[in-house]
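Encoded as structure tokens, the structure appears first; notes follow it.
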Amino acid sequence: MNKKRLIWQLPFLILLIVGTILIIRNQNITPYHNDKGMVFGTTYSITYQADSSLHTSIKKELQKVDEALSPFNKQSVITAVNENRNMTVNKMFADVFLMAEKISEDTDGAFDITVAPLVNAWGFGFKSGKHPSRHDIDSLKTIIGYKKVSLNDLRVTKTDPRVMLDCSSIAKGYGSDAVAAMLERHGVKNYMVEIGGEIVTKGISQKRMPWKIGVTKPIDDSLSLSQEIQCIINVTDKAMATSGNYRNFYYHGGKKYAHTIDPKTGYPVQHSILSATVIANNCATADAYATAFMVMGMEKAQKLLERHPELMAYIIFADKDGIIQTWCSPSLKGKITE
């Protein structure tokens, strides 16, 4: 009986072995492609394994995100919203708006897509370099706040027409998610999508290894010349985003001002956090929470992470003596190479 059963099972075993060999062989011979370019005022790099180039599809997907969320695109949905045109928004804009609204609630307003006028006043949006007065800040705060804008039936309503939206703290992450979803629709199993440092990965790299991403050391470097690595994180089948003040700052009157603005105070944050890297199931979420953690500071960020076990974070900060230290979520420790 055992011999007969073995004889019947043998063809299936052979088929399984042959199938496995063919799959591995196909993975080895299918080429990896790399697309690079500019979008949202930053660079992108997309590596993926496919029989042929998906360059055209990638460009189309990035263009759709740009047409929804870029404030520099005069024909974009967000530009129309900021100009108070009577219109309905598209699905991409609605998806990002509702996600931003949810994260704003969760972070008690630390993440806020209406903060752009304050950012601009402090000299970053249009690089004015002008130090705003207390009066300027108080005046701008009357039109800042995520509760001053809402979305119903694909129409945006503002409590004040001067309220402006800027999704730059979530758009790159959302764009990475959108390209990743497009690759999935094309059957791509192995890829890394990176837009302005916001990353989504799946499967394995060209080296037949899990995707590993470096976190840059927080060295004052406004020209982005330094690429010294603080650590390497295994980000396979996850998304990762980093927010930091060590490259986005300017000096005025001998004082250093960070680019992260606290929507509640109207001033640049003065916390000890130098950079916050967040790992999540999608990149838009990682992008938004990384920004929020820069505003919230270490203690509040850690408390939020306790409520969200699906999020992981790697935070670089300066202690009371100015010495750089690191902290990470317990669940992330096994994924880090110092």
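The values are calculated or read from the model by the stated rules, or taken from the named source; none is laboratory data. This is a predicted model, so every value here is computed, not measured. So basically every Cβ, Gly included, is an ideal-geometry build from the backbone, and we count neighbours across all protein chains shown.
Looking only at the range 64-86, count how many residues are without any contact (Cβ under 8 Å) to a residue 24 or more places away in the chain, more than 13 Å from Met164 (Cα to Cα) and surrounded by fewer than 17 Cβ atoms within 10 Å (Cβ to Cβ). Of the residues in the range 64-86, 4 are without any contact (Cβ under 8 Å) to a residue 24 or more places away in the chain, more than 13 Å from Met164 (Cα to Cα) and surrounded by fewer than 17 Cβ atoms within 10 Å (Cβ to Cβ). Restricting Thr114, Thr157 to those that are among the polar types (S, T, N, Q), within 26 Å of Cys283 (Cα to Cα) and touching a strand residue (DSSP E or B) at 6+ places or on another chain (Cβ under 7 Å) reduces the list to Thr114. What number of residues in the range 100-122 are outside any helix (DSSP H, G or I) and either touching a Phe, Trp or Tyr at 6+ places or on another chain (Cβ under 6 Å) or among the β-branched types (Val, Ile, Thr) (or both)? The total comes to 5. Counting only residues that are part of a helix (DSSP H, G or I) and of a type outside the set (A, V, I, L, M, F, W, C), which one in the range 44-59 is surrounded by the fewest Cβ atoms within 10 Å (Cβ to Cβ)? Ranking the candidates gives Thr56 first. Residues in the range 35-49 that are out of contact with any Ser or Thr (no Cβ under 7 Å at 6 or more places or on another chain) and of a type in the set (D, E, K, R): Asp35 alone.
Can you confirm whether Gln63 is out of contact with any Gly (no Cβ under 9 Å at 6 or more places or on another chain), in a helix (DSSP H, G or I), on the phi < 0 side of the Ramachandran plot and among the polar types (S, T, N, Q)? Here the answer is yes, as Gln63 does meet what is asked. Residues of the range 321-338 that are basic (Lys, Arg) and in contact (Cβ under 8 Å) with a residue 24 or more places away in the chain: Lys335 alone. Within the range 130-169, the set of residues being modelled with pLDDT under 95, loosely packed, with under 15 Cβ neighbours inside 10 Å and either closer than 22 Å to Asp95 by Cα or touching a helix residue (DSSP H, G or I) at 6+ places or on another chain (Cβ under 8 Å) (or both) comprises just one member, Lys130.
Contact annotation: residue pairs with Cβ atoms under 6 Å, 6 or more positions apart or on different chains, pairing a residue in the range 258-287 that is within 21 Å of Met312 (Cα to Cα) and crowded, with 21+ Cβ neighbours inside 10 Å with a partner that is among the aromatic types (Phe, Trp, Tyr) and at pLDDT 95 or above, are Ala276/Phe293; Thr277/Tyr314; Val278/Tyr289; Ala284/Tyr174. Please indicate, with yes or no, whether at least one residue in the range 279-286 is at pLDDT 95 or above, β-branched (Val, Ile, Thr) and over 14 Å from Val215 (Cα atoms). So far as the range 279-286 goes, yes, one or more of its residues are at pLDDT 95 or above, β-branched (Val, Ile, Thr) and over 14 Å from Val215 (Cα atoms). Within the range 120-129, being at pLDDT 65 or above and either surrounded by fewer than 20 Cβ atoms within 10 Å (Cβ to Cβ) or of a type in the set (Gly, Ala, Ser) (or both) holds for Asn120, Ala121, Gly123. If you check Lys172 against the conditions, is it of a type in the set (D, E, K, R), in contact (Cβ under 8 Å) with a residue 24 or more places away in the chain and either in a loop (DSSP other than H, G, I, E, B) or on the phi > 0 side of the Ramachandran plot (or both)? In short, no.
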